[in-house]
Amino acid sequence: MDTRSVDLAVQEMLEVAFQNKIETAWDRLNSQQPQCGFGELGLCCRNCTQGPCRIDPFGDGPRKGVCGADADTLVARNLARSIVAGTASHSGHSKHLAHVLKKWADGKAPDYPVKDERKLLAVAQRHGIEVEGKEIKTIARLVAEVALEDFSERETPIAFANRTVTKSRAELWNKFGINPIGIDSIIAEMMHRTTLGVDADANNLLLGSIAAGIADYAGCHMGTDLSDILFGTPTPVFSEMNMGVLDPKQVNVALHGHNPVLSDLLVQVSREMREEAKMAGATGINLVGICCTGSEVLMRHGVPSCTHSVSQELPILTGILDAMVVDYQCVYPSITTLAGCYSTKVITTMSMAKIPGAIHIEIHEEDAWEKGKEILRLAIAAFKERAGRSFHVPQCKEKVIAGFSTEAIVAALAKLNQEEPLQPLIDNIVNGNIQGICLFAGCNNVKVRQDENYIIMAKELAKRNVLLLATGCGAGSLGRLGFMNGEATKAYAGEGMKAVLSAIGEANGLEGPLPPVLHLGSCVDNSRAVDIAVAIAEKLGVDTDMLPVVASAPEYKTEKAFSIGTYAVALGFPTHLGMVPPVVGSKQVVKTLTKDIRGITGGYLIVETNPLEAAKKLFLAIQERRADLGLST
Ligand code: XCC
Ligand code: SF4
């Protein structure tokens, strides 16, 4: 058994790496051993130059840092900084989109017209913007302004968080003083609070972290809303996943990173460049996705996803990847070293995210189209360069249906009940055909066998009639391994859920049932799962912490995953982590996050590294909530 990945394509390419003595993330993990035990427990502090200070978890050595900070303070401060970094990343992405929308409204970004006016109007109305008689550009500018206002300090709580949850949830956040008044302001406040000699109270730090998590939710929701406005709200789309989507006869271009500002445009530009590619002897331009930017273009254009997260280096080793175009986040700097052994061009595109060894072509909204052509020309040149060279492409790919925006899910359900589209879903949750909903979010992590936790948990939960939603690299795992098509429902879903998904499939003219795992999009699109939960909660007249809805990050790695997990807890969901977070050095922090927090938000963390056990625990949490709602278990 390959202990590194379940994915056969990854296994095959790791063998290629081994044969060619090419170093991958797995090798580098090995050379990092043993990793720092203090760091693993959260017990190392570098927040001032009197440190680094370490606290002995066994109590034999020092119990306090030089300033007197104890284990609880250190662990809580470190966790807070991780969460805040995640919030900064997601909201940085959405701030970028807000500027693009505003530039278009001001006539400065002609390549970025509003694609989905309906969504624009819906978002505008949600924020109390009068739309009657106004031009689209004016409405777009007003929406962009509401978004940008959310970053600084407002008089009122953040709009994109408070107007998208139940009223009682927003009130609860106010009551406990965890409702932030600005995304950037809570980020700055938490950085301030975690410096030497400010907040030393672990629980107070954790409450501040939850506020930062709520700001992250706002950033994610804004990211989804603005992407839908600019690039279109996804509708169900058929595509494929895994490295077999690479085609030796075409110019292969991987879109990697997170933000659709660049990747969506390249999809459009590539259509114009097809002839140029043909003149170079290629049959066409084959765009493929990696990580979240891959999910964005899969959702909206059906661009196949090539691979995800820890295996992002491997498509280069096929020898036929002509360019890897990246924006920001989750892009391993190692890719330029690997690309150096092949004809692959790595192209960075954002001034804030350069990589030594890459070609930098900076994308500005003002002249994005021309720059897009320049990028694709480099890929075409690389295609010519590789003529006659040997290559190795694993013949693995799976069929997927993606594109499940909240709007698309509601539209699919409306085929069963035009007037009350959510009713069929609610009826089936009430009668137990669907026991509950689990959102799979987060990454792969080189410390666990890639995809294994997702696969085991998805099988276990699907057979217990739990409807699965997935985003980001979690969606990638489940897609690459065949959980995102109708066949998977037949193979894995329990009888109740199979009947429901078949009925929806049939009503929508699909050949088979809906997949057991619905692809909601990239990591910011976890907001879509929240929208679904909020809609159900409002319909039932309860708050989100009463719903049989749980979240899981079975193989997470990034700071962004921490901030998402934090807002899942803030919204009241039992939230599973499949890797032990670096908090075990503080009993108090562990207790607060897994138990006490429940008394505040209704949500809590479940840390469980065994996927079978994790599925059981999540199912139990679902059962508990069903019982509280008076539903059959
Ligand atoms: Fe990054 Fe979003 Fe994680 Fe994948 S899942 S490794 S964050 S690309 Ni968000
Ligand atoms: Fe050490 Fe305190 Fe400085 Fe941290 S803040 S490095 S614990 S002295």
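Would you point out which residue out of ALA159, ALA170, ALA200 is within 16 Å of ligand 2 (Cβ to nearest atom) and either among the aromatic types (Phe, Trp, Tyr) or farther than 20 Å from GLU559 by Cβ (or both)?
Among ALA159, ALA170, ALA200, only ALA200 is within 16 Å of ligand 2 (Cβ to nearest atom) and either among the aromatic types (Phe, Trp, Tyr) or farther than 20 Å from GLU559 by Cβ (or both).
When you check ARG77 against the structure, is it in contact (Cβ under 8 Å) with a residue 40 or more places away in the chain and either among the acidic types (Asp, Glu) or away from ligand 2 (no atom under 16 Å from the Cβ) (or both), yes or no?
On the way: in contact (Cβ under 8 Å) with a residue 40 or more places away in the chain: yes; either among the acidic types (Asp, Glu) or away from ligand 2 (no atom under 16 Å from the Cβ) (or both): no.
In short, no.
Is there any pair linking a residue in the range 195-209 that is aliphatic (A, V, I, L, M) to one that is within 16 Å of ligand 1 (Cβ to nearest atom), with Cβ under 7 Å and at least six apart or on different chains, and which?
Matching pairs, first to second residue: none at all.
Can you tell me which residues in the range 144-155 are closer than 21 Å to ILE214 by Cβ and in a helix (DSSP H, G or I)?
Residues satisfying the conditions are VAL146, ALA147, LEU148, GLU149.
Being away from ligand 2 (no atom under 16 Å from the Cβ), in contact with a helix residue (DSSP H, G or I) (Cβ under 6 Å, 6 or more places away or on another chain), touching a residue at least 24 places away in the same chain (Cβ under 8 Å) and of a type in the set (Val, Ile, Thr): is that true of ILE129 here?
In short, no.
Among the helices (runs of 4 or more DSSP H) lying completely within the range 156-229, list those that include at least 2 residues that are within 30 Å of GLY51 (Cβ to Cβ).
Output list reads 183-193.
Picking from ASP60, ASP56, ASP2, ASP70, which residue would you name as being acidic (Asp, Glu), surrounded by fewer than 23 Cβ atoms within 10 Å (Cβ to Cβ) and within 28 Å of ILE187 (Cβ to Cβ)?
ASP70
Let me confirm something: among ILE426, ILE401, which residue is crowded, with 20+ Cβ neighbours inside 10 Å and either at pLDDT 95 or above or more than 16 Å from ligand 1 (Cβ to nearest atom) (or both)?
One residue alone meets the criteria, ILE401.
Pick from GLU370, GLU374, GLU407, GLU365: which is away from ligand 1 (no atom under 16 Å from the Cβ), within 26 Å of HIS99 (Cα to Cα) and at pLDDT below 95?
Of GLU370, GLU374, GLU407, GLU365, the one residue that is away from ligand 1 (no atom under 16 Å from the Cβ), within 26 Å of HIS99 (Cα to Cα) and at pLDDT below 95 is GLU365.
I want to confirm something. Restricting to the range 193-216 and keeping residues that are closer than 23 Å to SER94 by Cβ and not hydrophobic (A, V, I, L, M, F, W, C), which single residue is surrounded by the fewest Cβ atoms within 10 Å (Cβ to Cβ)?
The qualifying residue surrounded by the fewest Cβ atoms within 10 Å (Cβ to Cβ) is GLY208.
The values are calculated or read from the model by the stated rules, or taken from the named source; none is laboratory data. Treat the numbers as computed from the prediction; the structure is a model and nothing was measured. Cβ atoms come from the backbone with ideal geometry, glycine included; neighbour counts cover every protein chain shown.
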